[in-house]
1. Which entry in (i) 17.5, 49; (ii) 19.7, 59; (iii) 18.7, 61 matches Rg and Dmax of the Cα atoms in Å derived from the coordinates of this structure?
2. How big, in percent, is the set of alpha carbon pairs in segment 50-94 lying more than 17 Å apart?
3. Going by average Cβ density within 10 Å per residue, which order do the peptides 261-271, 128-138 take, highest to lowest?
4. More than 15 Å apart: what percent of Cα pairs in segment 139-186 qualify?
5. Rounded to the nearest percent, how much of the accessible area of the chain (1.4 Å probe, protein heavy atoms only) is carbon and sulfur?
6. At 1.4 Å probe radius, can you tell me the per residue accessible area of the chain in Å²?
7. Taking the alpha-carbon distance from LYS124 and a cut-off under 24 Å, which lysines remain once sequence neighbours fewer than 8 residues away in the same chain are dropped?
8. Identify which of MET226, MET182, MET208 has the largest mean-square fluctuation in a Gaussian network model of the chain, with springs joining Cα atoms closer than 10 Å.
Amino acid sequence: MSELLVEVVRSGFVESVHRARVVAVDAEGSPVLVHGDVQAPASPRSSMKPLQAAGMLHAGLDLDGELLALACGSHAGEPIHVEGARRILREAGVDESALRCPEDYPDDRTSLDFGRVHMNCSGKHSAMLATCAVNDWPTEGYLDPTHPLQKSIRATVEELTSERIAATGVDGCGAPLFYVSMVGVVRAFRRIVTAPEGSVERRIADAMRAHPEYTSGTTRPEAALMRAVPGLMLKAGAEAFDAFALADGRAAAVKIVDGGQRARVAVTAHVLKALGEDVPGDLVPPIKGGGRPVGELRVRTI
C-alpha cells in the first residue's frame with residue numbers, strides 16, 4: 001500500500017517528514033484514496049463532535065443555527081463562543097458551574113480569561129447539559145459512559161458509522177472517546193451531509209456550513225476552508241485528525257500519524273484537490289526563516 005508523506009522543506013532540504021493515514025471516497029461511497037491502515041480503530045477526537053451532537057438531538061435537544069454549530073465545535077474561546085455556550089446553558093436553565101470540562105485559557109489570545117466556559121469544548125459540554133435538562137437526567141456524572149446521555153450518544157455513533165465501538169477512552173475534555181475506524185468516520189460524515197432536509201443529521205450539516213466560525217474560530221484554517229469550498233462540512237480533532245464531507249457525498253478522513261498539526265491542513269487540502277475541489281493557495285503557510293518564506297510543506301506519495 002502506498003504511503004502519503006508530508007515533507008517539511010527548508011532552504012531546499014527536507015528536515016522533517018510526517019506520515020499520513022487517509023481514506024477518501026467518491027459521491028457513491030467508493031474509495032478513491034487509501035493510505036495506511038484505515039480499518040483499524042482510530043482516535044478521531046473532536047472530529048466526533050458532529051456525531052455526538054446528532055446523539056443529543058435524537059435525545060431531544062433543540063438547537064439550531066450558530067448554537068448547534070458551537071455544540072459541534074472546538075472553539076477558540078472568542079467572545080462569540082463564550083457567550084454562545086452561556087446562551088445554551090441559560091436557555092436550558094443550567095448553571096455554568098455544572099460544566100465538567102477542564103478550566104482553560106481561550107486560544108484567542110486577545111483574552112486572558114480562565115475558566116471552564118473558555119475551554120474549547122464548552123459548546124459541546126453545554127449542549128450535553130442542556131440535553132440532560134430536556135430529559136430530566138441528572139447533570140451530575142453526565143460524562144460517565146453509563147449515564148443515559150452517553151448511552152444515547154454511543155447508540156447514534158454506532159448507527160452512523162455502522163460499526164460497533166471498538167473501545168471507549170477519555171477525551172481531553174473528559175467526555176467519553178469512542179474508537180471507530182477511519183472508514184466508519186467517513187461513512188458517518190457522508191450520512192450527515194446527504195441526509196434529508198430537516199432531519200437531525202442534515203440540521204447539523206447545515207448549521208456547521210452556515211456558521212463555520214462557531215465550529216472552530218474566525219481565523220482558523222478549518223473555517224477558511226468551509227467558507228471557500230461550497231458545501232464542505234469539516235471538523236478537526238486533536239492529534240491531527242480531520243474529517244470532512246461535501247454535499248454530494250464525497251468524503252474523507254485524515255490522520256497524521258505523529259500528531260503533527262502543521263501537516264494536517266496540508267494533507268486535507270491535498271485530498272480536497274484530489275477530489276476535484278479548488279483550495280485557497282494561502283491556506284497552508286510557508287516555512288519561514290527570519291520572518292520570510294524559505295520553504296514549504298510538500299505532500300507526496302511513495
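The values are calculated or read from the model by the stated rules, or taken from the named source; none is laboratory data. All of these numbers come straight from a predicted model, not from anything done at the bench. Don't worry about glycine lacking a Cβ; one is built from the backbone with ideal geometry, like all the others, and counts go over all protein chains shown. For accessibility, only protein heavy atoms count, side chains too; no ligands or nucleic acids. Shrake-Rupley method; radii C 1.70, N 1.55, O 1.52, S 1.80 Å.
1. (iii)
2. Of the Cα pairs, 29 percent sit more than 17 Å apart.
3. Numbers: 261-271: 23.5, 128-138: 19.8.
Sorting 261-271, 128-138 by mean packing, highest first, produces 261-271, 128-138.
4. 43
5. The value for the chain is 49 percent carbon and sulfur by accessible area.
6. Ligands and nucleic acids excluded, the figure is 41 Å² per residue.
7. LYS49, LYS151, LYS235, LYS255
8. So, out of MET226, MET182, MET208, the one fluctuating most is MET226.
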